[in-house]
1. So which trypsin sites (Lys or Arg not before Pro) in the stretch 178-222 pass both tests, a DSSP loop state and at most 16 other Cβ atoms within 10 Å of the Cβ?
2. Which FRET efficiency value, to the nearest 0.05, is calculated for T107 and I183 with the Förster distance at 41 angstrom and r the Cβ-Cβ distance?
3. Which value, in debye to the nearest 20, describes the size of the charge dipole of the chain about its Cα centre when Lys and Arg Cβ atoms bear +1, Asp and Glu Cβ atoms bear -1, and nothing else is charged?
4. Which stretch or stretches of the stretch 22-53 have amide N atoms under 14 Å from the point lying 7 Å from N81's Cα along the Cα→Cβ direction?
5. Please list, by residue number, every one of the trypsin sites (Lys or Arg not before Pro) in the stretch 35-122 that is coil in DSSP and has at most 13 other beta-carbon atoms within 10 Å.
6. Take the Cα atoms of the chain, find their three principal axes, and give me the spread along each one in whole Å, biggest first.
7. Could you let me know the centre-to-centre spacing of the stretch 14-91 and the stretch 163-222, using Cα atoms, in angstrom?
8. Just how large is the dipole of the stretch 55-187 about the Cα centre, in debye to the nearest 20, putting +1 at every Lys and Arg Cβ and -1 at every Asp and Glu Cβ?
Amino acid sequence: METNNNLNATLGFRDSLKIKICGMKFPDNIQAVTDLKPDFLGFIFYPKSPRYPETLDIDLLLNIPRNILKIGVFVNETQDNILETVKKYSLQGVQLHGSESEELCYTLKSLGFLVFKAFPIADATDFKATENYEGACDFFLFDTKTPTHGGSGVKFDWSILSSYQGDTRFLLSGGISVEDVEIIKLINHPKMIGVDLNSRFEISPGMKDSTLLAEFITAIKS
């Protein structure tokens, strides 16, 4: 298993904005999105999500290039079940989208996995919840606060990102669409290293529009 430092070096976080495409579900679509060469592919292992795949093609996942990191998304799952899933699909990282403890984050990170911790954001006071997780995670993910977990297609007020003063790097999530390229380019937060794309690039839950994704990726990297 690669260590966190090796994975960080592979990604080259000082380069361009990183692209995470989440909620992958269908084999042909996974392959089509893989061909776009994102930095991360996210697979949601939360049974209540419409993007939850009951089964995934293990051979297909094993053949995804090593520089595209596979991230498992979990919501209040046990450590044992997380580790079982990570091993089954040879995932390089986990994204915790519930009320998981900083201890669980630290344990998974110490085992060599990249750890993303998602925080629901509605106003600037919500960034305070990140403080106890400093050092326990590789990245935070700032998503729109909703009654459910992820994939809402709704943005929060991105102007409040300036209120985040933590040391942990983060990805922006929540309602990002191809129309947001120019405003994302204007965000100048030193800890923002990428964006998480999901529902606004879908034909149906879990089925991504690869043409729309390609348009976004080309524009954001230009």
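We did not get these values from a lab; they are worked out from the coordinates using the rules stated. Please read these numbers as outputs of a predicted model, since none were measured by experiment. FYI the Cβ positions are ideal-geometry reconstructions off the backbone, even for glycines, and counts take in every protein chain you see.
1. Those satisfying the criteria are K191.
2. Numbers: r = 37 Å, r/R0 = 0.90.
So the FRET efficiency works out to roughly 0.65.
3. Here the size comes out at about 260 debye.
4. 44-49, 52-53
5. On the way: sites: K48, R51, R66, K70, K87, K88, K109, K117; in loops: K48, R51, R66.
Qualifying residues, ordered by number: K48, R66.
6. 43, 39, 35
7. Computed from Cα coordinates, the inter-centre distance equals 17 Å.
8. Numbers: 11 positive and 19 negative charges, 61 e Å.
So the dipole magnitude of the stretch 55-187 works out to roughly 300 debye.
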